[in-house]
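Let me begin by presenting the structure, written as structure tokens, before commenting on it.
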Amino acid sequence: MGALVVLHILGGSVALLAGAVAGFARKGGRTHGMAGTTFALSMIALGMTAAILGPHDVPPQSPIGGLIVVYFVATGWVTANRRDTGPRLPDVIAFLFIGFSAIAIAIVAIGQLRAGIVPESPPPPAVLLAFAGLCMLAALGDLRWLLRRTLTPVQRQIRHLWRMSWAFFMATSAFFLGQQDVMPLAWRGWPGWILPALAPFALMLWGAVWVHWRNRRLRNAVAHAKRGA
């Protein structure tokens, strides 16, 4: 298990750095692409090792969380890097996984709420239920793609953006809010750690604005060229 722990820590460390570079780099540029691929690979390593190590924690953790990390980053990366828009068998498997995971998480959360159970470790039932809703939103997005079999350029970019941003948030929140025991004692409990934890959402909003602005600019340029012709 020692090697897996080292790989888990290394994957998380690289993911934080690569995610920050990808978030601030020019979208579609070489730096963004290289940092994004590094982020995706490191997050997959982080998620897979978390899924293996989780059941051995005290108290034991479900491996589902780590696998969901892999789902978000893998589907986000594939969306941006695969040239054809048609779904394949792995996309169907990913849809089934996230859909059933959302249902399972919701059942557990509702059961805890109805029974008044307080889990030994976070997250609480209300957070679990919100997370289940997010996973179901991702599943519905997958289903829409499977049925329509195509994505517009804006849909492709937004799908990539929000999935990678959510995966990045899972890394930043896990470190800045969930791993403060590894920080110097004077730094622990500082309220300001919420800012880097939530930074992926700010980057996501900026990215969404940039995507819509860029595509509107391209449409206007095409329309102007047609009028000129």
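The values are calculated or read from the model by the stated rules, or taken from the named source; none is laboratory data. This is a predicted model, so every value here is computed, not measured. Cβ coordinates were reconstructed from backbone atoms using ideal geometry, including for glycine residues, and neighbour counts include every protein chain displayed.
Filter segment 113-160 down to the residues that are more than 13 Å from G99 (Cβ to Cβ) and of a type in the set (K, R) and list them by number. Within segment 113-160, R114, R148, R149, R156, R159 meet the criteria. Restricting segment 126-164 to residues that are in contact (Cβ under 8 Å) with a residue 12 or more places away in the chain, over 18 Å from V92 (Cβ atoms) and small (G, A, S), the residue that is surrounded by the fewest Cβ atoms within 10 Å (Cβ to Cβ) is A126. Cβ-Cβ distances below 6 Å connect the following pairs, each with a first residue in segment 37-66 that is closer than 19 Å to S165 by Cβ, a second residue that is among the aromatic types (F, W, Y), and a separation of six or more residues or different chains: A40/W77.
The rows are residues; the columns are (1) outside any helix (DSSP H, G or I); (2) in contact with a strand residue (DSSP E or B) (Cβ under 6 Å, 6 or more places away or on another chain); (3) surrounded by fewer than 20 Cβ atoms within 10 Å (Cβ to Cβ).
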| site | (1), (2), (3) |
| --- | --- |
| L10 | no, no, yes |
| G23 | no, no, no |
| T31 | no, no, yes |
| A35 | no, no, no |
| L53 | no, no, yes |
| S62 | yes, no, yes |
| L67 | no, no, yes |
| A74 | no, no, yes |
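Just one residue in the set G65, G116, G133 is over 30 Å from N215 (Cα atoms) and outside the structural domain of G23 (by TED's automatic domain parsing); that residue is G116.
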